[in-house]
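J.: Have a look at the structure that comes next, please.
The values are calculated or read from the model by the stated rules, or taken from the named source; none is laboratory data. The shown structure was predicted, so the numbers you read here are calculated from the model rather than taken from an experiment. All Cβ positions, glycine included, derive from the backbone under ideal geometry; neighbour counts span all protein chains shown. Each accessible area value is taken on the protein alone, full model and side chains, heavy atoms only, with ligands, DNA and RNA left out. Shrake-Rupley method; radii C 1.70, N 1.55, O 1.52, S 1.80 Å.
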Amino acid sequence: MTHAGEIAAIGVSVCWTISALFFEKAGYRIGSLSVNIIRLVLAFIFLGLTLIFTHGEFIPSNATSYQWFWLGLSGIVGLFLGDMFLFRSYLIIGSRTSTLVMSSVPMITTVIGWFFLSEYLNTMELIAILVSLSGIIIAIADRKLKIRVPLKGLLYAFGGALGQAGGLILSKKGMGSFDTVAATQIRVIFGIAGFVILITFLKRWGKIFGSLKDI
């Protein structure tokens, strides 16, 4: 397939949009922290089952220390910090506006890759970034360019976008030709660890376990 990558990207966009609606509804019901830790634990289980079928192991054992470090860091930046901000933004400005802001992730990723991975940006790509950013600003502002949504929620959404972009760059640096499912499993492990530490620090485990009754 000559356009397999493009088709996969469209599929990701569709899944991302649907999941954002579900996460917003779940967040209103049980809280963003509960949604985050529960969905990561479920992702850990399903990824592990997939690895058992594909590689005969629940957790990747053939990853190098280099891959564990960079993919783990990617999990902390993207799945912990980024998603913590993003899921919080769902509750303040809604999934529609948050997802719109998240459309800036490819642009932010491109800029970060330019600085840290020496990925070249040509004139057309720079113009595309400016046009896309302009579209986002127009969508969230009125005719006088005054922001129509709460600034706090907008900042949370941009924090989520930065986390996702940083996580993608770190994943690219650590994954190389490593299996994508195994790489995602490593990222999820570190994402869970980040939320476990945060929930323990905030003493929210009672609320987390209480939310399980709502599943």
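J.: Could you check, for segment 192-205, whether at least one of its residues is touching a Ser or Thr at 6+ places or on another chain (Cβ under 8 Å) and in contact (Cβ under 8 Å) with a residue 12 or more places away in the chain?
T.: For segment 192-205, residues touching a Ser or Thr at 6+ places or on another chain (Cβ under 8 Å) and in contact (Cβ under 8 Å) with a residue 12 or more places away in the chain: absent.
J.: Of all residues in segment 1-44, how many are part of a loop (DSSP other than H, G, I, E, B) and polar (S, T, N, Q)?
T.: Total meeting the criteria: 1.
J.: Out of curiosity, is Trp70 in contact with a Leu (Cβ under 6 Å, 6 or more places away or on another chain), of a type in the set (Phe, Trp, Tyr), farther than 19 Å from Leu155 by Cβ and open to solvent by 60 Å² or more (accessible area, probe 1.4 Å)?
T.: no
J.: Moving on. Return the only residue of Phe190, Phe209, Phe195 being among the aromatic types (Phe, Trp, Tyr), at pLDDT below 95 and assigned to a helix (DSSP H, G or I).
T.: Phe209
J.: Take the residues in segment 169-187 that are polar (S, T, N, Q) and part of a helix (DSSP H, G or I); name whichever of them is most open to solvent (accessible area, probe 1.4 Å).
T.: Here the residue is Thr180.
Table: residues versus (1) modelled with pLDDT under 90; (2) open to solvent by 50 Å² or more (accessible area, probe 1.4 Å).
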| site | (1), (2) |
| --- | --- |
| Thr2 | yes, yes |
| Glu24 | yes, no |
| Leu40 | no, no |
| Gly48 | no, no |
| Ile92 | no, yes |
| Ser95 | yes, no |
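J.: Let me ask something else. Could you give every pair whose Cβ atoms fall below 8 Å, whose first residue belongs to segment 148-172 and is of a type outside the set (A, V, I, L, M, F, W, C), and whose second residue is assigned to a loop (DSSP other than H, G, I, E, B), counting only separations of at least 6 or pairs across chains?
T.: Arg148/Asp142; Lys172/Leu117
J.: Hand me the list of helices (runs of 4 or more DSSP H) wholly inside segment 64-127 holding 1 or more residues that are closer than 19 Å to Phe190 by Cβ and in contact with a helix residue (DSSP H, G or I) (Cβ under 8 Å, 6 or more places away or on another chain). Quick ask: steps written out before the conclusion?
T.: Numbers: elements: 65-74, 83-102, 105-116.
Correct list: 65-74, 83-102.
J.: Kindly establish whether Ser103 is touching a residue at least 24 places away in the same chain (Cβ under 8 Å), among the polar types (S, T, N, Q) and surrounded by 18 or more Cβ atoms within 10 Å (Cβ to Cβ). Spell out the reasoning first.
T.: Working: touching a residue at least 24 places away in the same chain (Cβ under 8 Å): yes; among the polar types (S, T, N, Q): yes; surrounded by 18 or more Cβ atoms within 10 Å (Cβ to Cβ): no.
So Ser103 fails the test.
J.: Separate question: Quick check, is Gly166 more than 22 Å from Ile30 (Cβ to Cβ), modelled with pLDDT under 95 and buried (at least 16 other Cβ atoms within 10 Å of the Cβ)?
T.: yes
J.: Output the number of the condition that Phe195 fails; it satisfies all remaining conditions of (1) among the aromatic types (Phe, Trp, Tyr); (2) open to solvent by 40 Å² or more (accessible area, probe 1.4 Å); (3) over 14 Å from Trp68 (Cβ atoms).
T.: Result: Phe195 fails condition (2) only.
J.: Just a yes or no: is a residue in segment 116-131 over 27 Å from Gly174 (Cβ atoms) and of a type in the set (S, T, N, Q)?
T.: Yes, segment 116-131 contains at least one residue that is over 27 Å from Gly174 (Cβ atoms) and of a type in the set (S, T, N, Q).
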